[in-house]
Amino acid sequence: MGERRGRLLQRSIALGYVGVLVIVPLFVITWRALADGWSGFVSALSSEQAVTAFRLTAEIAVAAVAINTVFGVGVALLITRYRFRGRRFLGSLADLPISVSPIVVGFALVLVYGPTNGWFGKSLAHANIQVIFALPGMILATAFVTMPLVLREVVPVLEEEGLDQEQAARVLGANAVQRFRRITLPVIRPALTYGIVLSLARAIGEFGAVKVVSGNVSGVGQTQTVPLLIEERVEQIEPGSYQLAFVLILVTVLAIVLVSLKRSKESVS
Amino acid sequence: MTLLDAPRVGSAPDANVRPARSDAPAGVRLGRVSGLGLGTAVLWLSLLVLIPLAAVVAKGLGGGWSAFWADITTPQAAAALRLTVLSSLFVAAINAVMGTLLAWVLVRDSFPGRRLVELVIDIPFALPTIVAGLVLLSVYGSDSPVGINLLGTQRAVVFALLFVTLPFVVRSVQPVLIALDTEAEQAAACLGAGPRTIFRRIVLPLLLPAIASGAALAFARAMGEYGSVLLISGGLDRTRVSSMYAFQLIQNYNYAGAAATATVLLVVSLAVIVGLDVLQRRVGRRG
């Protein structure tokens, strides 16, 4: 008697919470983004500032994710295949960026690579390399924030796989490159794909850390990414913020759906 | 690393609890190539993470303990810290309850659209924070279509934090709940225990470590949150969280002051990570 009612009550509370917090807001922003119709979209996305912001965001995301892919696969191999002091520490350290405030991340990079007071800033300035308020700093900030994503997808797979095949191949005379291409890569490929997709989605949206290191320059030498442009449009009460946000929401949702579908298909087979 | 895992997108339905990795693995010693690889990885981690974070602490404590204390106890800094800590604690508590309920409903209940809800839960975590802020602003801001204007209130800060931390407890409790053997529950039911007693006496104790770690991660995330809070906070003094305060000081080139607040935030994140690691080892040993 009461059990069925209790179950319904639990379900409605849980779903109501998700509804108020997430579903209704997503509907409203979609509706606002589409309110100005197709022409609203075109004008929001086609201004020179927006086009540059999109290109810059894509460049930063690709660079940061490329770095993290190499780093993530390398460290995953190291901590699952080798024995050395501080192995555990290395794993925890690589996880740290997830819980550090983005403002602290950006600020930390400014303190070390900043042109005037940074620890390495003077020597970098001598070498004519500008990191902060320029593209390299924004790539560093994005790489920092997305660092663990590839790593934590790949590590469990490698752990589960174990070392047997790898050792067999070694005994049969395969070199390291052959072993990686023929044995490791096929095993980690799905996990690696998820890691890359999720990192890209995360990298495109990074806001706080990039805001601190970018200086938010628009126009020539623009350092304004799409999230920074969204903020500017909201604060200046310019039109087009909803449309930009909608594009980023689409990318995020697409990434989540893609990964979830592939993952559940994998678990069925 | 299991308990440290932030939500893994879409991993819920098939997630299984991995045993804690032992410190004495089967594995080979480092060779020349792998040694070089390790060196490169450590160098990169140092340049990107360790040295910069050390620079924050060095800057924060560089003027001595009293200067650090003075910087974090100015009325503005203290107000920001108080708001940040209190709202993060509150958000962690709500998450502990609602996250557990959501995980329970997703695992034990079946209803049309369950898989859709699974997907929706991942969205807030993956959404760009500024977009999350705009999403909330468009519904609960000054021209709210539902007539709820939270702009510039502390409730808005809490709401934004609840939004971005939604998946943490759900995703840490769900795999434990899936792996849970229902035999003990059935036995208790046979012996006449009601559903409430069964949950409180049998299920809840087994879920507690997962709830605690999820809530701790949510707390850590909430402490450092910036983008999602920014727009809906209305830029007022009473809604300024520590990240926003630190950013403001950075813009005014008050690096020492910013570093002091940043050091506090950093210490909190480290404390959560170390605490979870200890918790994980203890649970791993027991199980």
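The values are calculated or read from the model by the stated rules, or taken from the named source; none is laboratory data. Bear in mind that the values here come from a model prediction, so they are computed numbers and not experimental data. Reconstructed Cβ throughout: ideal geometry from the backbone, glycine too, with neighbour counts over all protein chains shown.
None of B:Leu61, B:Leu47, B:Leu38 is surrounded by 14 or more Cβ atoms within 10 Å (Cβ to Cβ), within 7 Å of chain A (Cβ to nearest Cβ) and not β-branched (Val, Ile, Thr) except B:Leu38.
Tell me yes or no: at least one residue of the range A:95-103 is among the β-branched types (Val, Ile, Thr), in a helix (DSSP H, G or I) and facing another protein chain (nearest Cβ under 7 Å). Yes, the range A:95-103 contains at least one residue that is among the β-branched types (Val, Ile, Thr), in a helix (DSSP H, G or I) and facing another protein chain (nearest Cβ under 7 Å). Anything in the range A:231-255 that is facing chain B (nearest Cβ under 8 Å), free of Cβ contacts under 8 Å to residues at least 24 places away in the same chain and closer than 19 Å to B:Leu116 by Cβ? List them, or say none. Within the range A:231-255, A:Val253 is the sole residue that qualifies. Could you list, in sequence order, the residues of the range A:163-214 that are over 22 Å from A:Arg152 (Cα atoms), free of Cβ contacts under 8 Å to residues at least 24 places away in the same chain and among the aliphatic types (A, V, I, L, M)? The answer is A:Ala168, A:Ala169, A:Val171, A:Leu172, A:Ala174, A:Ala176, A:Val177. Every test in (1) of a type outside the set (Lys, Arg); (2) within 26 Å of the chain's Cα centre (by Cα); (3) in a helix (DSSP H, G or I); (4) at pLDDT below 90 is passed by B:Phe90 save one, and that test is (4).
Considering only residues that are surrounded by fewer than 14 Cβ atoms within 10 Å (Cβ to Cβ) and among the basic types (Lys, Arg), which ones fall in the range A:9-61? Selection gives A:Arg55 alone. Just give me the residues in the range B:152-189 being at pLDDT below 90 and assigned to a helix (DSSP H, G or I), in sequence order. Those that are at pLDDT below 90 and assigned to a helix (DSSP H, G or I): B:Glu183, B:Ala184, B:Glu185, B:Gln186, B:Ala187, B:Ala188, B:Ala189.
Yes/no matrix, rows are residues, columns are (1) crowded, with 17+ Cβ neighbours inside 10 Å; (2) among the β-branched types (Val, Ile, Thr); (3) facing chain A (nearest Cβ under 9 Å); (4) farther than 30 Å from A:Thr116 by Cα:
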position	(1), (2), (3), (4)
B:Ala222	yes, no, no, yes
B:Thr239	yes, yes, no, yes
B:Ala246	yes, no, yes, no
B:Leu270	no, no, yes, no
B:Arg281	no, no, no, yes
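Among the residues of the range A:113-154, those that are surrounded by 24 or more Cβ atoms within 10 Å (Cβ to Cβ) and under 20 Å from B:Gly62 (Cβ atoms) comprise A:Tyr113, A:Ile132.
Among what's in the range B:68-87 and is of a type in the set (Ser, Thr, Tyr) and either within 11 Å of chain A (Cβ to nearest Cβ) or part of a helix (DSSP H, G or I) (or both), pick the residue that is nearest to B:Asp181 (Cα to Cα). It would help to see each step written out before you state the result.
Within the range B:68-87, the first condition is being of a type in the set (Ser, Thr, Tyr), and the residues that meet it are B:73-74, B:84, B:87.
Of the ones still in play, those that are also either within 11 Å of chain A (Cβ to nearest Cβ) or part of a helix (DSSP H, G or I) (or both) are B:84, B:87.
Values: B:Thr84: 39, B:Ser87: 36 Å.
The qualifying residue nearest to B:Asp181 (Cα to Cα) is B:Ser87.
Residues that are surrounded by 16 or more Cβ atoms within 10 Å (Cβ to Cβ) and of a type in the set (Phe, Trp, Tyr) number at least 1 in the following helices (runs of 4 or more DSSP H) confined to the range A:168-269: A:185-205, A:241-268.
Only residues that are closer than 19 Å to A:Leu149 by Cβ, within 7 Å of chain A (Cβ to nearest Cβ) and at pLDDT 90 or above were counted in the range B:125-151, giving 4. Just to be sure before I move on: is A:Ala76 more than 22 Å from the chain's Cα centre (by Cα) and either of a type in the set (Val, Ile, Thr) or part of a helix (DSSP H, G or I) (or both) in the structure I sent? So A:Ala76 fails the test.
Select from the range A:81-115 the residues that are touching a Ser or Thr at 6+ places or on another chain (Cβ under 6 Å) and closer than 26 Å to B:Phe219 by Cα and write down the one among them that is modelled with the lowest pLDDT. First the steps, then the outcome.
Taking the range A:81-115 and keeping what is touching a Ser or Thr at 6+ places or on another chain (Cβ under 6 Å), we get A:82, A:99-101, A:103.
Filter once more, so that each one left must be closer than 26 Å to B:Phe219 by Cα: A:99-101, A:103.
On the way: A:Ser99: 83, A:Val100: 92, A:Ser101: 95, A:Ile103: 96.
That would be A:Ser99.
Checking each residue in the range B:58-96 for being under 18 Å from B:Glu225 (Cα atoms) and free of Cβ contacts under 8 Å to residues at least 60 places away in the same chain picks out B:Ala78, B:Arg82, B:Leu86.
Could you tell me how many of the residues in the range B:221-231 are farther than 16 Å from B:Leu166 by Cβ and assigned to a helix (DSSP H, G or I)?
Going through the range B:221-231 one residue at a time, the tally reaches 4.
Can you pull out the residues in the range B:93-118 that are assigned to a helix (DSSP H, G or I) and surrounded by fewer than 17 Cβ atoms within 10 Å (Cβ to Cβ)? Explain how you work it out, then say what you get.
First, pick out the residues of the range B:93-118 that are assigned to a helix (DSSP H, G or I): B:93-108, B:114-118.
Matches in the range B:93-118: B:Ala93, B:Val97, B:Arg108, B:Arg114, B:Arg115, B:Leu116.
State all residues of the range B:237-247 that are assigned to a helix (DSSP H, G or I) and either farther than 14 Å from B:Leu81 by Cα or in contact (Cβ under 8 Å) with a residue 40 or more places away in the chain (or both); if no residue qualifies, say none. Those that are assigned to a helix (DSSP H, G or I) and either farther than 14 Å from B:Leu81 by Cα or in contact (Cβ under 8 Å) with a residue 40 or more places away in the chain (or both): B:Asp237, B:Arg238, B:Thr239, B:Ser242, B:Ser243, B:Met244, B:Tyr245.
If you check A:Trp119 against the conditions, is it aromatic (Phe, Trp, Tyr), in a loop (DSSP other than H, G, I, E, B) and within 11 Å of another protein chain (Cβ to nearest Cβ)? Show your work before the answer.
Numbers: aromatic (Phe, Trp, Tyr): yes; in a loop (DSSP other than H, G, I, E, B): yes; within 11 Å of another protein chain (Cβ to nearest Cβ): yes.
Spelling it out, A:Trp119 is indeed aromatic (Phe, Trp, Tyr), in a loop (DSSP other than H, G, I, E, B) and within 11 Å of another protein chain (Cβ to nearest Cβ).
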